Amino acid sequence: MACYEESTDADPELSFWEVVAWFTTDRPIPIRTLQDVHHHGRRFALDQPSTPLVYLLTGHARAEDSVQAIAGVVGFLLHNRHVVTSFTVTETRATRRSVATPARPVTTRQTDVWLHDRRHPR
């Protein structure tokens, strides 16, 4: 949850990331709650694909790297435990969206299956 709290007042010089996290829950999330997340001031969206109890959380974060960006967005779920009491993150993806500068060239890194980069086998 520390990454979520840090991302609320992040340094504007940090990279800007678009993050997606798929997660499952034990109980359905009320439709009203899904709609309320869209009004959250940090550009989060919580949607439910056609599969029951599977949800998609998208958001933006400023962070040093993709792992911190993902932790910041998933921290939103932890911060809102009164809404989503129990969840399991099944897959994540983070894509850097910052404008390129000489000191910080634009590169894209996707982090899938919770902190496991499929392009670099262990």
- request: Using the Karplus curve 6.51 cos²θ - 1.76 cosθ + 1.60 with θ = phi - 60°, work out ³J(HN,Hα) for each residue of segment 70-87 in order, rounded to whole Hz, and write x for Gly and Pro.
  value: 5, 4, x, 6, 5, x, 4, 5, 5, 5, 10, 4, 5, 9, 10, 6, 9, 8
- prompt: Which of the peptides 63-71, 75-83, 25-33 is most tightly packed, and how do the rest follow, going by the mean number of other Cβ atoms within 10 Å of each residue?
  reply: 63-71, 75-83, 25-33
- prompt: Can you give the translational diffusion coefficient of segment 2-96 in µm²/s, computed by Stokes-Einstein from the Kirkwood radius over Cα pairs at 4 °C and 1.567 mPa s?
  reply: 97 µm²/s
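Where a number appears in this text, it was derived from the coordinates with a stated rule and is not lab data. Nothing here was measured: the structure is a model prediction, and the numbers come from that model. Cβ sites come from the backbone with ideal geometry, for glycine too, and all protein chains shown count toward neighbours.
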